[in-house]
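Okay, so here's the structure we're looking at.
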Amino acid sequence: MMKKLPVLLNPYIKTRHPYNKLKICRRCNYFTVLGDTECPACGKSALQGVEQRASATLTKSAWMTRLIVVLIASVGIVLSPSTLHTILISAGGMVLLALLWTMQRRLTPALLRRELEKLFLKEAYSLAAGLANDRETAIKVFHEGDKPLAFEMLREIGALVHTDQLRVEQILLLQSFILRKDMDLMLDPLLMDHFNPDLVEYIGELAKIRRDLIKENAFRYMLLHEAHILKMEHGESILIGVAGAAVRMKRYLLLYPYLIMRYAGRLPKDRFLRLYRMVQASPGAFTVPLYEEVMNVYNEKYKWDEDFQATGKPRG
Amino acid sequence: MVTYVCLGLLFLFVLVKALDYRAQGKRALSHEQLDKLVFSILKSSGQRDRE
């Protein structure tokens, strides 16, 4: 078995939208999600956020339009034959310029998004190449032995690149670390469609330290691949842990009663006590087979347990 | 005469620009659609690489 490393991971900084993580070089148009200011390709301190770039392009084009209005008005003023005409063209120019300015200001958010779309489409190749280079950099860091940094880099890339290969790489690195409760861990972005034993083992680890990360997608994944998981060395104990995590919320009991039913008898006492209390609190809310299974386990194992006595008598 | 031509030109230019801005504003993608666009660019490039 591989020896696990104690590591300290930097917290993951979430952005409002994943594309906000993208940076582009002002000099060479290289895209990256790694690094703050220095471009990994040309080495210049010229990295800027993609929104900043789009905003700069938009501002430039808006000023260009205003300048054209001012130029036409100026030509009119210079060539005007009388004062009346000068006043007329000046007033008209100012009104139209104000109108244009207002329109530009009001539509700035939409125009900014349009500019971003144009940037992504125009630089699609460079975008893909940049992120591929980022991944290669992360792999290089991994080979140099800095596993936590390699993981952090892959995690950043993973915000935008949703491939199973990248997920597997992240999971394998996570599985080489001693996971702790205080770590900034995640599960949903790492879930795949197909069965992956490393992912299942990672879910098993999370069931021990961060039950709150196991949510609907993870339960569905476990149910979908239950047969495969049961064939794994610790497959059953992982499923018991996941069933224990499902006991966290009433909603999960309603959504996945059969997952809980199958493993109710093997849940640790504290998880079963919680399940028993939830079922007792609103017996009519759950399916009859789940209620019956919980009562059967209760009667078999915990009927005389003091902790269970305070909960009250079962129905029926 | 020149004044009126310039005024007409100005009016036309601003009108065309205003219509263009409106059209662009309507066609602008939402933030979520922008995310999807980036994901699809990266996904298709990944598939091309594998092929």
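General remarks:
- Rg to Rh, two decimals, where chain A supplies the alpha carbon set and Rh follows Kirkwood: 1.22
- Backbone phi angles across the range A:81-86, fed through the Karplus curve with coefficients 6.51, -1.76 and 1.60 (θ = phi - 60°), yield HN-Hα couplings of x, 9, 4, 4, 5, 4 Hz in residue order; Gly and Pro are listed as x.
- Residue-count net charge about residue A:243 - beta-carbon cut-off 9 Å; Lys, Arg +1, Asp, Glu -1: +3
- Relative contact order (%) - criterion: Cα under 8 Å, at least six apart; region: the range A:7-166: 27 percent
- Among the listed pairs A:118/B:17; A:23/B:17; A:147/A:231; A:4/A:147; A:118/B:43; A:14/A:118, those beyond 20 Å (Cα-Cα): A:23/B:17; A:147/A:231; A:14/A:118
- Sequentially through the range A:179-194, phi angles give Karplus couplings (6.51, -1.76, 1.60; θ = phi - 60°) of 7, 10, 4, 7, 6, 7, 9, 8, 10, 3, x, 9, 5, 10, 7, 8 Hz, Gly and Pro residues having no value and appearing as x.
- In this structure the amide hydrogen of residue A:44, modeled in the peptide plane, comes within under 5 Å of the amide hydrogens of A:39, none closer than 5 places in sequence on its chain.
- With the simple spin-label model, which puts each label point 7 Å out from Cα in the Cβ direction, the residue A:195 to residue A:303 separation comes to 3.8 nm.
- Candidates A:57, A:137, A:32, ranked by Gaussian network fluctuation over chain A, Cα under 10 Å, top entry: A:57
- Cβ charges +1 (Lys, Arg) and -1 (Asp, Glu), total dipole of the protein assembly as shown, debye: 1020 debye
- Here the label points at residue A:262 and residue A:144, each 7 Å from Cα along the C-beta direction, are separated by 4.6 nm in the simple model.
- Cα-based helix-to-principal-axis angle, A:108-122 vs chain A, degrees rounded to 10: 80 degrees
- Value of [θ]222 nm, deg cm²/dmol, for chain A, DSSP H segments ≥ 4, -39500 (n - 2.57) each, nearest 500: -19500 deg cm²/dmol
- Among A:158, A:204, A:265, residue whose mean-square fluctuation peaks in a GNM of chain A (springs only between Cα atoms under 10 Å): A:265
- Crossing angle, helix A:269-281 versus chain A [Cα axis fit, 0-90 degrees, rounded to tens]: 80 degrees
- Debye log10 I(q)/I(0) for the range A:191-316, one point scatterer per Cα, at q = 0.11, 0.13, 0.22 Å⁻¹: -0.37, -0.50, -1.25
- Acute angle (nearest 10 degrees) that the helix A:50-79 long axis makes with the longest principal axis of chain A, alpha-carbon atoms: 20 degrees
- For residue A:9, nonlocal amide neighbours, meaning residues 5 or more places apart or on other chains whose placed amide H falls under 5 Å from its own, do not occur.
- Amide H contacts of residue A:177: A:5, each under 5 Å away and 5 or more positions distant or on a separate chain (H built 1.01 Å from N in the peptide plane; Pro and chain starts excluded).
- Length gained on full extension, residue A:180 to residue A:75, computed as 0.36 nm times the residue gap minus the Cα-Cα distance: 30.7 nm.
- Chain A - percent relative contact order, Cα under 8 Å, separation 6 or more: 14 percent
- Tensor-based shape of the range A:239-295 (alpha-carbon gyration tensor, a/c under 1.5 rounded, otherwise prolate or oblate): rounded
- Look at the dipole of the protein assembly as shown built from charges on Cβ: of A:72, A:154, A:256, the Cα furthest out on the positive end belongs to A:72.
- Extents of the range A:7-166, largest first, come to 80, 28, 25 Å (Cα atoms, principal axes, whole angstrom).
- Gap separating the Cα centres of the range A:32-69 and the range A:173-248, nearest whole Å: 42 Å
- At q = 0.16, 0.19, 0.29 Å⁻¹, base-10 log of I(q)/I(0) for chain B (Debye sum, equal scatterers on each alpha carbon): -0.65, -0.74, -0.97
- Extension gain for residue A:52 to residue A:82 (0.36 nm times residue separation, less C-alpha to C-alpha distance): 6.2 nm.
- Note on residue A:281 and residue A:3: the model spin-label points, each 7 Å out from Cα along the C-beta direction, lie 4.6 nm apart.
We did not get these values from a lab; they are worked out from the coordinates using the rules stated. Since the structure is predicted, the reported quantities are computational estimates derived from the model, not experimental observations. A quick note on method: Cβ atoms are made from the backbone with ideal geometry, for glycine too, and the neighbour counts reach across all protein chains shown.
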